[in-house]
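Worksheet: the structure to be examined is printed underneath.
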Amino acid sequence: MFWEKGYEGTSLADLTAAMGINKPSLYATFGDKAALFRKVVDHYLRQQSGLWDDAFRLPTAKDSIARILTSVADALTSGKNPHGCLLVQAALSCGEEANCIKKELAAKRAESETLIRTRLRRAQAEGEIPRSVDVAALSRFFSTILRGISVEASGGASRAQLQTVIDLAMKAWPDSTGRTTALPSEV
């Protein structure tokens, strides 16, 4: 429910109906809506961690980033889950009353950017990425692409459309001189 409707858009009635329990049981088991949401986010992140771990085992950082982007696009368009990323979707609909949840989600998204930056720094230390490349900016770029893929998937973008975005984004990968491939003129 949180994934489909966001944090604030999901009511207690939605949660109890989806879980087949009453409100007192929800409160007794989880404490409150925010505590349940945090458990959902933790579960979601545990599921996603395998994807990231597998990607970071690949021999190059470029392969790792491409795998993360394609695996996320696959997951977001598989039909097995709601479209979009829980961490993005839930935050997009948060207002002032749920500011603490919004901040927690931002921190979780920042953790993924940190993972990307760590992998890119390792690639730089190993000589895959030139020292002249701003790894922080490159990790921010790919994190932004990742979030954008989520937003596009939530809006109904097809897997093929997301792949076009991924292919263009990977052209931003720096070559041995630190330059990126020029984007095609038809973009």
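Observations, loosely collected:
- Scaled radius of gyration (Cα, divided by 2.2 N^0.38 Å) that the range 115-187 gives: 1.21
- Kirkwood hydrodynamic radius of the chain, Cα pairs, Å: 18.0
- Loop-located trypsin sites (Lys or Arg not before Pro) across the range 11-62 with a Cβ neighbour count of 13 or fewer within 10 Å are R57, with loop assigned by DSSP.
- Taking every DSSP helix (H) stretch of at least 4 residues in the chain, weighting each as -39,500 (n - 2.57) and dividing the sum by the residue count yields a mean residue ellipticity at 222 nm of -21500 deg cm²/dmol.
- Given +1 at the Cβ of Lys and Arg, -1 at the Cβ of Asp and Glu and no other charges, the dipole of the chain around its Cα centre is 320 debye to the nearest 20.
- Rounded to the nearest 0.05, the FRET efficiency derived from the C-beta distance between D42 and V165 at R0 = 30 Å is 0.55.
- Rounded percent of accessible protein surface that carbon and sulfur make up, the chain, 1.4 Å probe: 53
- Violating pairs (Cα-Cα greater than 24 angstrom) within the set K39/K62; K5/K39; K103/K171; K23/K103; K39/K80; K23/K108: K39/K62; K103/K171; K23/K103; K23/K108
- A simple spin-label model places pseudo-atoms 7 Å from Cα toward Cβ; at L12 and E111 they are separated by 2.8 nm.
- Within the chain, helices built from complete DSSP H runs that reach 27 Å or longer along their own axis (Cα positions) and carry a mean Kyte-Doolittle hydropathy of -0.5 or higher are 33-56, 135-154.
- Sites excluded, GluC sites (Glu not before Pro) in DSSP loops with at most 12 other C-beta within 10 Å, longest stretch of the chain: 1-125
- Taken about its Cα centre, the range 101-186 carries a charge dipole of roughly 340 debye when the Cβ of each Lys and Arg holds +1 and the Cβ of each Asp and Glu holds -1.
The values are calculated or read from the model by the stated rules, or taken from the named source; none is laboratory data. Remember, it's a predicted structure, so these values are computed and weren't measured experimentally. Cβ atoms come from the backbone with ideal geometry, glycine included; neighbour counts cover every protein chain shown. Surface accessibility is based on the protein's heavy atoms, side chains included, excluding ligands, DNA and RNA. Shrake-Rupley method; radii C 1.70, N 1.55, O 1.52, S 1.80 Å.
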